[in-house]
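Right, one structure below, let's go through it.
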6 protein chains.
Amino acid sequence: MVYLTKRFHFSASHRLYRKELSDKENEKIYGKCSNPNGHGHNYILEVTVTGEPDPQTGYIMDLSRFKEIVRSELIEKIDHKNLNSDVDFMKGIVPTSENIVTVFWKVLKHKISFNNIKLHSLKLFETENNIVEYKGK
Amino acid sequence: MVYLTKRFHFSASHRLYRKELSDKENEKIYGKCSNPNGHGHNYILEVTVTGEPDPQTGYIMDLSRFKEIVRSELIEKIDHKNLNSDVDFMKGIVPTSENIVTVFWKVLKHKISFNNIKLHSLKLFETENNIVEYKGK
Amino acid sequence: MVYLTKRFHFSASHRLYRKELSDKENEKIYGKCSNPNGHGHNYILEVTVTGEPDPQTGYIMDLSRFKEIVRSELIEKIDHKNLNSDVDFMKGIVPTSENIVTVFWKVLKHKISFNNIKLHSLKLFETENNIVEYKGK
Amino acid sequence: MVYLTKRFHFSASHRLYRKELSDKENEKIYGKCSNPNGHGHNYILEVTVTGEPDPQTGYIMDLSRFKEIVRSELIEKIDHKNLNSDVDFMKGIVPTSENIVTVFWKVLKHKISFNNIKLHSLKLFETENNIVEYKGK
Amino acid sequence: MVYLTKRFHFSASHRLYRKELSDKENEKIYGKCSNPNGHGHNYILEVTVTGEPDPQTGYIMDLSRFKEIVRSELIEKIDHKNLNSDVDFMKGIVPTSENIVTVFWKVLKHKISFNNIKLHSLKLFETENNIVEYKGK
Amino acid sequence: MVYLTKRFHFSASHRLYRKELSDKENEKIYGKCSNPNGHGHNYILEVTVTGEPDPQTGYIMDLSRFKEIVRSELIEKIDHKNLNSDVDFMKGIVPTSENIVTVFWKVLKHKISFNNIKLHSLKLFETENNIVEYKGK
């Protein structure tokens, strides 16, 4: 089993808040991340799949196809977007890194699993110092 | 003359658009950067001052003071903010990197110039691949 | 289960040696790391905790609190210090990266474990090319 | 058990192709990576061993010895080389990252295993965005 | 005047040698860089232009157009190529970093100069430790 | 004229203080950098020379020779050392980054200047956020 990882970049804005709470309550929970007009990040997402290299090609998976799937299913829908209002699969979800990474897992899981390939982990860098990882369980 | 640079990080959202234009016209000029709900970045700002080291202390400028000035005059006003709506000195200005860096220059210039120290340049990284620099003229 | 990692920076000096050995013997074992007057590093420490995101907040753990605990319990005691002589919990321990990371584990383990949160791993970068990781067993 | 990782750099050229196929067929499978005259990368290889720190030295393994083994057994044979034609243990193998990392495992496994030390993983960065990892099974 | 820089990545192979010299003589001059079957790098190229921001758009130059020019005129011709044999404008030139950067200058200079915009510098990273810069004179 | 830069790494300890002052006075000026037992850094030094590429070799300067001069004249004397006590040319000098870089200039200037090559600048990274540069005047 070899683990194959591709890194993707996207720039997005978000605001951490729950609409049933007041601005004051949201600030207590989310601090400056609850600023009403939002803020943003250059996110990095590492997508890791695992499988056995094909003895003919030497590939676990064609890299261009891997890249194309993640770009069309995920990155194009979130890059240069507002994660609170512009992204269908984020609707109603507080866009903490923890929630983002588990939602992305659901989006990608069935798109990127084939005979011999399995989605293994997603690692999201909100900044270079704040990182979350999810492995599907 | 020695050049002393400190790097600062801030996360902000912005939208590139001019309010006198339609969404379509803005998209033609600014592409996906004109998305109506904005997007965001982890900006890095390098502030460089120049001067002669004090023969006693070996410092051009006390680093803590340097950091404190830039933080209180600039970073605290832009970090975790929306550059279109939350920042007084950005009001009415299209927040392209070019405009941001020339406005920041005006904000910092007189705060960070002393007897022997001069603001030399500001370098802004919107992403690691898009960079602008300004030297005051 | 989501893994949440924060990176911390600290600058410290150290000398690798055992006081029962001669300088020559220490140099044989530790090479230039046993230089009698010490040397130093910009260390990076990645602290990873694991838990389930709170369904209300979307957080595993409040990031500010996480940061505050690691800063007050650990970073403030080691940053800009000499690891051989200035740090209580390092007394009598040869400050190799392996020893540092297992000692830090003991320091942090009970401070950062709560109902649903567990310290998962510590990863220490002495330089960008020398890295140790410890998972508590 | 502590995990100890060292990063190594090497610059090499390669071409992805199978000699029984035409240039056209190779291009279909390997895209621009099958360019007949090859291309190249600054590869980074992370070698991780695991073991218990020696209670006397505080080391899992002497770092200089670790470095020396990996350099003489592996890096000197691949650095500034063509991976298709210049490297004995790569002969007849399509130099995809997946294949490179599993071949390197065989080269290093018995050279770097001692009483208390085991090769744990190899992580190969072809570029900062394309990464493979292998743990020996 | 604002300086605007974009970073581009390309992966290429090369061999440093002069065909009128023997392999031995080439090795004396170029060391392991003269390995007959070549080696390769992940190059990074920083292209910097300078000009005054347009008071309407806030741009020196439309970033997409900038990117498109450099990609079509330069990057597509060198990425995943052999710099000795595959690139028209490199024919007959020893592909040292110094020569690469001055040739690239000639390729880009007239393509990227407009009314108010001037090519200011090219900075080429062969590795993160070997860097050349050229400003056209 | 092409600018050629090589990056060098060294790990050293230092303490910022003047011996004619009390610990309290030193702390007032140098803050935690005056900790009596010192602290340390992984410094990065960028050495830039400038010249015209030799039309035969395509080199400004043989890279191995460049590296060898800087290593033997400078890096070997400061790496894994204490900058206050172990380095001849730093004796009596407060090892601020400003002072380090101007002293290094004197050490290297005459060693690295040849017919067509001139030392152009030294850039010292104490951390990735604190940077000084000196150009000899």
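Helix C:97-109 versus the longest principal axis of chain C: what is the Cα-based angle in degrees, 0 to 90, to the nearest 10?
40 degrees
Per residue of F:91-99, how many C-beta atoms from partner chains lie within 10 Å of its own C-beta, taken as a mean?
That average works out to 5.
What gaps in nm, shortest first, separate B:Asn116 from its twins in the other copies when you place the label 7 Å past Cα toward the beta carbon?
Listed shortest first, these distances are 4.0, 4.0, 5.4, 5.7, 6.9 nm.
May I have the pair-distance distribution P(r) for the protein assembly as shown, computed from all Cα-Cα distances with 20 Å bins from 0 and rounded to whole percent?
Values per bin, smallest distances first: 14, 47, 37, 2.
With a Förster radius of 45 Å, plug the Cβ-Cβ distance of D:Glu52 and F:Arg65 into 1/(1 + (r/R0)^6) and report the FRET value to the nearest 0.05. Mind showing how you got there, number by number?
On the way: r = 44 Å, r/R0 = 0.99.
Plugging the Cβ-Cβ distance into 1/(1 + (r/R0)^6) gives 0.50.
With every protein chain kept in the model, how would you rank D:Lys28, D:Lys123 by accessible area, 1.4 Å probe, largest at the top?
Correct descending sequence by accessible area is D:Lys28, D:Lys123.
Alpha carbon centre of the stretch F:118-137 versus the stretch F:1-33: separation in Å?
After rounding, the separation between the Cα centres reads 13 Å.
Assuming R0 = 30 Å, can you tell me the calculated FRET efficiency for the pair A:Arg18 and A:Lys111, based on Cβ-Cβ distance, to the nearest 0.05?
On the way: r = 30 Å, r/R0 = 0.99.
Efficiency, rounded to the nearest 0.05: 0.50.
Determine by what factor the alpha-carbon radius of gyration of the stretch E:1-102 differs from 2.2 N^0.38 Å, reporting the quotient. Please report the intermediate quantities before stating the final value.
Values: Rg = 17.5 Å, N = 102, 2.2 N^0.38 = 12.8 Å.
That ratio works out to 1.37.
How much space per residue, in cubic angstrom, does the convex hull of the C-alpha atoms of the stretch D:52-125 take up?
Looking at the stretch D:52-125, the number lands at 96 Å³ per residue.
Please report the relative contact order for chain D, taking Cα pairs under 8 Å with a sequence separation of at least 6, and give it as a percent rounded to a whole number.
Across chain D, relative contact order equals 30 percent.
Over all distinct alpha-carbon pairs, what is the Kirkwood Rh of the stretch B:97-137 in angstrom?
Evaluated over the stretch B:97-137, this radius sits at 10.8 Å.
Could you check what % of the DSSP bridge pairs in the protein assembly as shown are antiparallel, to the nearest 5?
Antiparallel bridges: around 95 percent, rounded to the nearest 5.
Taking every residue in C:114-121, how many Cβ atoms of other protein chains lie within 10 Å of its Cβ, on average? Present the calculation step by step, with values, prior to reporting the outcome.
Values: counts 0, 0, 0, 0, 0, 0, 1, 1.
Mean partner-chain Cβ count within 10 Å for C:114-121: 0.
May I ask you to report, in nm to one decimal and beginning with the shortest, the distances from A:Glu128 to the same position in the other copies, taking label points 7 Å along Cα-to-Cβ?
0.2, 0.8, 0.8, 0.8, 0.9
For the rotation taking chain F to chain D, which residue of F has the Cβ nearest the axis, and how many Å away is it?
F:His9, 6
Aspartates and glutamates near D:Lys118 by alpha-carbon distance under 19 Å, same-chain residues fewer than 8 away left out - which ones?
Hits, sequence-local ones excluded: C:Glu98, C:Glu133, D:Glu46, D:Glu52, D:Asp54, D:Asp62, D:Glu68, D:Glu73, D:Glu133.
Can you pull out the buried accessible area for chains B and A, both sides counted, probe 1.4 Å, rounded to the nearest 100 Å²?
Protein heavy atoms only, the B-A interface buries about 1600 Å².
What are the nm distances, shortest first, from B:Glu73 to its equivalents in the other copies, labels at 7 Å along Cα→Cβ?
In nanometres, ordered from closest: 3.8, 3.8, 4.0, 5.0, 5.7.
The values are calculated or read from the model by the stated rules, or taken from the named source; none is laboratory data. Just so you know, these numbers come straight off a predicted model, no measurement behind them. Virtual Cβ from ideal backbone geometry, glycine too; neighbours counted across all protein chains shown. These area figures cover heavy atoms from the full protein model, side chains too; ligands, DNA and RNA do not enter into them. Shrake-Rupley method; radii C 1.70, N 1.55, O 1.52, S 1.80 Å.
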